[in-house]
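Taking it in order: structure first as structure tokens, then the write-up.
The values are calculated or read from the model by the stated rules, or taken from the named source; none is laboratory data. A quick note: this is a predicted structure, and the numbers were derived from the prediction, not measured. Don't worry about glycine lacking a Cβ; one is built from the backbone with ideal geometry, like all the others, and counts go over all protein chains shown. The accessibility values were calculated without ligands, DNA or RNA, using every heavy atom of the protein model including side chains. Shrake-Rupley method; radii C 1.70, N 1.55, O 1.52, S 1.80 Å.
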Amino acid sequence: MIRLRNLEKFYPMGVGKYFVLRQITMDIEEGEFVTIMGPSGAGKTTLLCILGMLDGAWSGEYYLLDQPVHKLSLKQRAELNKQYIGFVFQQYHLLDGLTVAENLDIPLSYRDIKPSERQAIVADTLDRFRIVGKKDLFPSQLSGGQQQLVAVARAVIANPKLILADEPTGNLHSSQGKEIMELFKKLNEEGTTIIQVTHNETWAAYSHRIIKLADGWIVKN
Amino acid sequence: MSTLLQDLRYGLRLLAKNPGFTAVVILTLALGIGANTAIFSVINAVMLRMLPVEKPEQLVQIRFRSPRSADARTTYTNPLWEQVRDHQDVFSGVFAWSPQEFDLADGGEARNVHGIYASGAYFSTLGVRPAIGRLMAPEDDRRGCGGVAVLGYGFWQQHYAGAESAIGSLLRLNGHSFPVIGVTQRGFFGTDVGDQLAVALPICAEAIIRGKDSLLDHRSGWWLLMMGRLAPGTRSEQATAHLNVLAPQIFAACVPPAWRLQDQEVFKSYTFATTPAATGLTGYSGLRNQYERPLEILMVVVGFVLLIVCANIASLMMARAAARQREFAVRLSLGASRARLIRQLLTESLALSTTGALFGILFGQWGSALLVRFVSTTTNRVFLDLSMDGRVLGFAAAMGIVTGLLFGLLPAWRATRVSLTSAMKGGEEQPSESRSQFRSGRWIVAVQVALSLVLLVGTGLFVRTFTNLLTLNPGFDRKNVLMVSVNVHNAGISPGARVPFYGQVLERLKSLPGVVSVSQSWLTPISGLEWNQDIQPQGYQPPAGEMPLVWFNGVTPEYFATLRTPLVAGRTFDSGDTATSPRVAVVSETLARRFFPNVDPIGKYFRMSGPDPGSTEQLQIVGVVKDSKYISLREADLPFAYVPLTQAPFIPEDSSFEIRTAVNPTSMIPSAREAIGGANKAASLRFVTLAQQVDDSLVPERLLAMLSGFFGGLALLLTAIGLYGVMAYLVTRRTHEIGIRMALGARQGSILRLVLRDSAVLLAAGIAIGIAGAFWITQFVRHLLFGLTPRDTETLAVAVVVLLAVGLLASYLPARRATKVDPMVALRYE
């Protein structure tokens, strides 16, 4: 599903360069559950941003579902993101002014889906994640675990092939974290490819494979 | 559409969550849009709105033009009107009318109402229908008629409480009774934009009111206006061509016999012209002539204020958008396009601006009514139909949309240039983004400063123009002078009895306690009335093409003392200047200088036309007085001659008395009324103080000075708030940096300078742009200024100093707060 070849990312620093990612070469197959680990500053989140096409300034080759992302324009990359990728953030990043149902509706509204169809998809998703009773609540009225549950629901609502999760359990206590990881496991079993960043070995154990980064290099794959 | 509604719903919810921000934005927008709508409403009523009649676009003014002049004239004699009425065949209808003031009182203090003499086809050609009764018909306007009266709807409501019994009742006007036959439809105010028709009499009734002085057969009495309705399919040019076929015959039949032969020949070659009459812009409106330019200037002024309002709101929106960076980043990462986010932000801006526009319409209604009250004077009550129409609503709606885009677009554009990695990394704002947004905020404030400076310079110019006029020495002392205009038409005093009657009034007024002196004159200063004619000064050969035109007034000997117009040489009039003694005149310094240069004018003569057609009489100059203003305070000193009333060619039915008092002049009105009433109760009186009369002539100047002053102050306040906001934001953003500086030993003074230097740069940039802008824009108001030029350095310097002072004060407060930063707290801040 994902092929990276000699991917590099740097920031200019004086006359030189400060590398964040160095010669990243790896493959991730469709249906895999991969964990990226490493100390702070290793380049984990940067790699996730590049995979999610949130960051466009890098060199090397990146193929997503055989499409050469490195050759695509920013607009085409944004389309690819919309079509295949869902995000889960450590801080949940639900929109405060919107209810749970409206937060779920947001990705659909950006994909030009008809309102009636959107309503049905949101209703299904609320039911699937067992949060129907919370659909009219605002994020501030939910616990952290519930917020992350809604965030995961929002990430999968547009039916992405790939979920990128940046420390999804980082702000949760263990039982809530377990609940989210079980959810990821289930989604993965249903066919969604998942790439997560975590520091937690227990949550990393849910994945099929662990890639370790240090100072921008892959030190273990 | 559904996503648009979703954006709107979300936007409204956000605005409701920030009621303070929302209220401030809506209120300032409402004020800005309201001010614009108010001025536009008045412009609409004065210049753009169609006359309240049937198919107004078919109406044309009928003017005539002399081959000697490019300007077309609008007033006709009655013989000319009758010729056009009886011979034209190009209009489906044609009518004439003359605006008048009719006196409702039977003697004593006048109660004037605005009326017209109208030809019989006036209402039918306009397509006006009666509310009750019937309107005037051609049969009502026949020579020798008994006269009928048609009431305006407003007058009927006000004076008859809308009672149907008004029909058939007798209405007393100028001491004569006219049966009321009908009331015009509601909403019809007449054909003169700015006036409200109270009563219409047929033209033939002029002979009843003016008696022997009637102008019906007078070929030099220019008092009627003319309008025609184009027949369907006829163009204005065709109508003009048709009229000009008739022109030689019409003008030849109405040649003024008193004119010189060569002028009579020119008169016969006059031609007609027609222009659209549907709106005040091209139709008849004294108000338009007086206020067109001031209203255009005020429109620009309030436009500037609205731009400053937009700039302030844009700054607020930028700060608000900066706080929403995380939200935008998340939305983008969830698949939103930048265009979609901009649309969402613009939806919020437009929700705010349209709400502001709705309140602005309300403010605009109040403001325009206030404006009309402001331009009304004691002698001229202005009426304008300010009801909301599609044009005003469209204007307010356009303002709402344009302002929404103006203050929304830049913040939306800036705010959506967000780094998506920040969303993944916790949503913290990147320093480079914040700097770029801040640069935009500074740029906006610099523009505000520039706009404010232009407004302040304009304010300064108009205020100084007004004060220059107020403090100008007009050649008379306007303080403590009560004037009363006495009309004896209804008092049954024959021309032969007028002199003794006026003499009696003079004596009675003189004997009143509190009176210093009393005089009588034909005209009073700055009254809007004038009497001028060519003279032939002794020994003066006018250059080719120059007419030695002189302005006159007939006065009693006390006039100069009463108005305190100083005598420069010779003498003023005395009891020796009688009807039988040699004709004498007192002249102004300008007259003496122009026609008698380098010689003593005392004892010199000039000739002027006499009372009989073609006759002249010789006057000897016996005195020279200081120049004084005659028609307007702005005029250059005119060559001015006074003649004694005892030697005046005729005794008019109305005359003015000037009463200099030792007390408040208005307190003398009851005793003066009683004194004149003692001589004759039926004489009609109109009181006004000289100060008030001069003051009324300055309404456009006062309007510009006051409103530009108000809006200039508002602009200054808004700019100060904008500057304060940006500097406060800057200080908050730099708290950490300031903390480090202070920890490293920076003193309070250096921190203060650090912050103030930033605002000084902004102010300097804004002021530089503002000076260039003011230099360019003030050239367009040159002719409205008095006693100073558009590039008046004193005004510019004061405006710059005021703006600098206010700007630095607005920056000082945040700067002072910066000096109070506790390094320990600041370093923990981030």
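Here are some notes:
- Restricting segment A:3-53 to residues that are of a type in the set (Val, Ile, Thr) and out of contact with any Phe, Trp or Tyr (no Cβ under 9 Å at 6 or more places or on another chain), the residue that is surrounded by the most Cβ atoms within 10 Å (Cβ to Cβ): A:Ile36
- Matching entry among B:Glu206, B:Glu139 (being assigned to a helix (DSSP H, G or I), open to solvent by 10 Å² or more (accessible area, probe 1.4 Å) and under 24 Å from B:Thr77 (Cβ atoms)): B:Glu139
- Pair list, Cβ < 9 Å and 6+ apart or interchain, from segment A:66-77 residues that are of a type in the set (Lys, Arg) to residues that are surrounded by 14 or more Cβ atoms within 10 Å (Cβ to Cβ): A:Lys71/A:Glu61; A:Lys75/B:Ser337; A:Arg77/A:Met53; A:Arg77/A:Gly56; A:Arg77/A:Val69
- Screening B:Trp522 against (1) touching a helix residue (DSSP H, G or I) at 6+ places or on another chain (Cβ under 8 Å); (2) at pLDDT 95 or above leaves a single unmet condition, (2).
- Qualifying residue in segment B:215-235 (condition: in the same structural domain as B:Val84 (by TED's automatic domain parsing), under 24 Å from B:Ser285 (Cα atoms) and in a helix (DSSP H, G or I)): no
- Here B:Ser315 meets the list (1) within 14 Å of chain A (Cβ to nearest Cβ); (2) crowded, with 20+ Cβ neighbours inside 10 Å almost entirely, failing just condition (1).
- Residues satisfying the stated conditions in segment B:327-336, i.e. more than 7 Å from chain A (Cβ to nearest Cβ) and of a type in the set (Gly, Ala, Ser): B:Ala329
- For segment B:770-801, the set of residues classified as open to solvent by less than 50 Å² (accessible area, probe 1.4 Å) and in contact with a Pro (Cβ under 6 Å, 6 or more places away or on another chain) consists of B:Thr778 only.
- Cβ-Cβ under 7 Å pairs, at least 6 apart or on other chains, segment B:638-650 side not assigned by TED's automatic domain parsing to the domain that holds B:Phe573, far side open to solvent by 20 Å² or more (accessible area, probe 1.4 Å) and modelled with pLDDT under 95: none
- Residues located in segment B:13-22, provided they are out of contact with any helix residue (DSSP H, G or I) (no Cβ under 6 Å at 6 or more places or on another chain) and either facing another protein chain (nearest Cβ under 9 Å) or closer than 23 Å to B:Ala336 by Cα (or both): B:Arg13, B:Leu14, B:Lys17
- Contact map, segment B:309-338: residues that are under 20 Å from A:Lys82 (Cβ atoms) paired with residues that are of a type in the set (D, E, K, R), Cβ distance under 7 Å, separation 6+ or inter-chain. Pairs shown: B:Gly335/A:Lys82; B:Gly335/A:Arg111.
- Those residues of segment B:253-299 which are farther than 30 Å from B:Arg381 by Cβ and open to solvent by 50 Å² or more (accessible area, probe 1.4 Å), in sequence order: B:Pro257, B:Ala258, B:Trp259, B:Arg260, B:Leu261, B:Gln262, B:Glu265, B:Lys268, B:Ser269, B:Thr271
- Qualifying residue in segment A:108-119 (condition: touching a strand residue (DSSP E or B) at 6+ places or on another chain (Cβ under 9 Å), under 18 Å from B:Arg340 (Cα atoms) and either aliphatic (A, V, I, L, M) or at the interface with chain B (Cβ under 10 Å from one of its Cβ atoms) (or both)): no
- Of the candidates B:Ile132, B:Ile116, B:Ile33, the single residue that is at pLDDT 90 or above and assigned by TED's automatic domain parsing to the domain that holds B:Gly364 is B:Ile33.
- Of residues in segment B:72-103 being open to solvent by 30 Å² or more (accessible area, probe 1.4 Å) and closer than 16 Å to B:Ala207 by Cα, the one modelled with the highest pLDDT: B:Glu82
- The set of residues in segment A:37-76 that are among the basic types (Lys, Arg) and within 11 Å of chain B (Cβ to nearest Cβ) comprises A:Lys44, A:Lys75.
- Within segment B:600-671, strands (runs of 3 or more DSSP E) holding 2 or more residues that are charged (D, E, K, R) and modelled with pLDDT of 95 or more: B:654-661
- Of all residues assigned to segment A:124-142, none qualifies as being closer than 25 Å to A:Glu32 by Cβ, modelled with pLDDT of 85 or more, surrounded by 16 or more Cβ atoms within 10 Å (Cβ to Cβ) and within 13 Å of another protein chain (Cβ to nearest Cβ).
- Residue check, B:Asp7 of a type in the set (Asp, Glu) and within 14 Å of chain A (Cβ to nearest Cβ): yes
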